[in-house]
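One structure is given here, and the rest of the page talks about it.
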Amino acid sequence: VQLQASGGGLVQAGGSLRLSCAASGLTFSWYVMGWFRQAPGKEREFVAAIRGSTSTYLADSVKGRFTISRDNAKNTVYLQMNSLKFEDTAVYYCAAANSGTAYVTSADEYVRWGQGTQVTVSS
């Protein structure tokens with residue numbers, strides 16, 4: 001099983017980025033897919049998750065700015081990030097949880113993790 005995150009980079013505040021996470025070695029459509037992030041000196045925190053194709057969950061801090069989506073035909077989950085803020089700077093990780101997961105916001109529920117992609121927002 002492999003989750004490969006990409007799309008990170010350096011962007012000015014107010015800008016946009018789209019992260020992608022390509023999955024292989026698993027039946028992608030069966031899994032809840034999530035994004036977490038970890039800033040230096042801080043704990044990993046939930047950002048967004050998607051169950052099936054339409055049930056989405058977003059952290060309060062990103063609601064109205066970030067959107068999560070998936071393409072099951074491409075085994076890929078996306079995180080569209082708009083109106084980026086300096087405090088969005090972090091390493092972003094994609095992760096997969098079993099479909100029966102009840103607590104999609106908990107990192108403990110996720111069984112597979114990608115390697116992370118750095119997002120840096122300059123103020």
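Residues V91, V104: which one is out of contact with any Leu (no Cβ under 9 Å at 6 or more places or on another chain) and either farther than 17 Å from G7 by Cα or of a type in the set (D, E, K, R) (or both)? Steps first, please.
Numbers: V91 fails: either farther than 17 Å from G7 by Cα or of a type in the set (D, E, K, R) (or both).
Checking each option against the conditions leaves just V104.
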Residue pairs meeting the criteria (Cβ under 6 Å; at least 6 apart or on separate chains; first of a type in the set (A, V, I, L, M, F, W, C), in segment 111-123; second open to solvent by less than 50 Å² (accessible area, probe 1.4 Å)): W113/Y93; W113/A95; V119/G8; V119/Y92; V121/V11; V121/L84; V121/D88; V121/T89
Scanning segment 79-89 for residues that are within 17 Å of A49 (Cα to Cα) and either aromatic (F, W, Y) or surrounded by fewer than 22 Cβ atoms within 10 Å (Cβ to Cβ) (or both) gives Q80, N82
Among the residues listed as G52, G34, the single one being modelled with pLDDT under 95 and open to solvent by less than 60 Å² (accessible area, probe 1.4 Å): G52
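Go over the candidates V104, V47, V32 one by one and state the one that is within 10 Å of the chain's Cα centre (by Cα) and in contact (Cβ under 8 Å) with a residue 24 or more places away in the chain.
Numbers: V104 fails: within 10 Å of the chain's Cα centre (by Cα); V32 fails: within 10 Å of the chain's Cα centre (by Cα).
It is V47.
Being among the small types (G, A, S) and surrounded by 18 or more Cβ atoms within 10 Å (Cβ to Cβ): is that true of A97 here? Let's see the steps before the verdict.
Values: among the small types (G, A, S): yes; surrounded by 18 or more Cβ atoms within 10 Å (Cβ to Cβ): yes.
Judged against the criteria, A97 is a match.
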Listed residues Y78, Y93; which is touching a Phe, Trp or Tyr at 6+ places or on another chain (Cβ under 6 Å) and in a strand (DSSP E or B)? Y93
Test set (1) of a type in the set (S, T, Y); (2) modelled with pLDDT of 95 or more; (3) open to solvent by 50 Å² or more (accessible area, probe 1.4 Å) - S29 fails condition number: (2)
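The values are calculated or read from the model by the stated rules, or taken from the named source; none is laboratory data. What you see is a predicted model; the values in this text were computed from it and never measured. Virtual Cβ from ideal backbone geometry, glycine too; neighbours counted across all protein chains shown. The area values use the complete protein model at the heavy-atom level, side chains included, leaving out ligands, DNA and RNA. Shrake-Rupley method; radii C 1.70, N 1.55, O 1.52, S 1.80 Å.
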